[in-house]
Amino acid sequence: DNRSRYTFKQQGVAAAPGRLSSSGNLWGTSQNIQNQPKAAYQFYIADPGTVMFYFDLSQAEARVVAYLADIESWKEDFERARLGGNFDCHRSLASTMYGVQYDEVPTEDVDEAGNSTIRYKAKRCRHGLNYTMQWPRLAESANMSPYDAKRSYILYHKVNPEIQRWWKETERIARKEKELWTPLGRRLRILSRIDEDSLGNIVAFVPQSTIGDHAKRVWYQCHEDDEWDYNRMRIKVNVHDALIGIATPDKVKLALKIAKKYAESPLLIRNTYRTKTEQLIIPADTAISADTISGCSRVK
């Protein structure tokens, strides 16, 4: 019937309770709505008379890691990017890792010859190496040569020694207390043996579950807001650190304004060493779907 249907599992993914997981429905007519390829986006069309709106939490997990691991350089870069708007955290990281001036770091991920730039390599390190991933997996996931992956791995941890110290402290707490808590109050009881295979999931638990719970909370807060119009606004899809909704054209800007307000509400993060608690505001990138068919809309 030209409808997309899917199921959300409240318990989340096994490695990160708090993050909603998705699958097809009981009739087998749909699939994981959170893992659609970009080529498929154009097939999702809002009902006539409505448009889609969207927000994405910018560098959400990496920002939480910066405060948990107490990485001062990252906190400064993320705040500079949030307040200034034009500062590129990935270029800053690449500048530090590869020893070049910030202005000399490319602004794109691929150069004119089709080769990956140092900005791309730094970005993939930040996205992949915070949770105990080793360089062979980085080479595979980022489509990097073994040489580039190993070199990037060494440089990344050399300029960010706080990350491995954070791993060790998280492991110490997990072994001693047999539980971990997120800033939003979710607890992970650790009943299984802690080894190399399980450590990555344990380290990832607090950042991933914090963002997952924050996104779910924004969904509830939007629908409970006094300005929210249930007849003309609705959030429909949770994609880990992003929410997608539909609204009538006359209400979509209000819906997006309300969603952005709650998405950027401060989080209080206590570092893993329990020495300080700081306020974290994660900026939300927003968009409204483009009208391409009379009476309908497609996601940009």
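The values are calculated or read from the model by the stated rules, or taken from the named source; none is laboratory data. Predicted model only: the values in this text are computed from it and were never measured. Positions of Cβ are backbone-derived with ideal geometry, glycine not excepted, and every protein chain shown enters the neighbour counts. The accessibility values were calculated without ligands, DNA or RNA, using every heavy atom of the protein model including side chains. Shrake-Rupley method; radii C 1.70, N 1.55, O 1.52, S 1.80 Å.
Computed from Cα atoms, the angle from the helix 118-128 axis to the main principal axis of the chain rounds to 80 degrees. Our coupling estimate for region 97-108, obtained by passing each phi through the Karplus curve with A = 6.51, B = -1.76, C = 1.60 and θ = phi - 60°, is 5, 9, x, 10, 5, 3, 5, 8, 6, x, 8, 10 Hz, Gly and Pro reported as x. Dipole check for region 32-165: with +1 at the C-beta of Lys and Arg, -1 at the C-beta of Asp and Glu, and the Cα centre as origin, the magnitude is about 420 Debye.
Roughly how tilted is helix 252-263, in degrees to the nearest 10 and between 0 and 90, from the longest Cα axis of the chain? With rounding to tens, the tilt is 30 degrees. Compactness ratio for region 86-185: Cα radius of gyration over 2.2 N^0.38 Å (N = residue count) comes to 1.25. Rounded to whole numbers, the Karplus 3J(HN,Hα) couplings from phi for region 28-40 are x, 9, 9, 7, 5, 6, 7, 10, 8, x, 4, 5, 8 Hz, using 6.51 cos²θ - 1.76 cosθ + 1.60 with θ = phi - 60°, and x at Gly and Pro. Solvent-accessible area assigned to carbon and sulfur over the chain amounts to 48 percent, based on a 1.4 Å probe. Within a Cβ distance under 12 Å of TRP166, other residues only, what is the Lys/Arg minus Asp/Glu net charge? Around TRP166, the charge tally is -1. Dimensions of region 208-284 from C-alpha coordinates, computed as largest minus smallest value along each principal axis and given longest first, are 47, 20, 18 Å.
Once the 1.4 Å probe is applied to the protein heavy atoms, the chain comes out at 54 Å² accessible per residue.
Counting only protein chains, not ligands or nucleic acids, how are THR182, THR7, THR29 ordered by accessible area (probe 1.4 Å), most first?
THR29, THR7, THR182
For region 1-116, the Kirkwood hydrodynamic radius from C-alpha pairs, put into Stokes-Einstein at 25 °C and a viscosity of 0.890 mPa s, yields a diffusion coefficient of 134 µm² per second. For a distance above 38 Å, tell me the whole-number percent of Cα pairs in the chain that qualify. Counting pairs separated by more than 38 Å, the tail of P(r) holds 17 percent.
Against the chain, whose longest principal axis comes from its Cα atoms, helix 72-84 is set at around 30 degrees. Given their separation in residues at 0.36 nm each and the Cα-Cα distance between them, ASP229 and ASP47 gain 63.8 nm when the chain is fully extended. Size descriptors for region 245-294: radius of gyration and Dmax over Cα atoms are 16.8, 57 Å. Binning the C-alpha pair distances of region 151-236 at 10 Å intervals from 0 yields a P(r) profile of 14, 32, 24, 17, 11, 1 %, listed from the shortest bin outward.
Scan region 85-127 for GluC sites (Glu not before Pro) in coil per DSSP, keeping those whose Cβ has at most 11 other Cβ atoms within 10 Å, and list them by number.
Passing both the DSSP loop test and the Cβ count: GLU108, GLU112.
Since only PHE55, THR117, TYR102 are under comparison, the one whose Cα sits farthest along the positive direction of the charge dipole of region 49-120, derived from C-beta charges on Lys, Arg, Asp and Glu, is PHE55.
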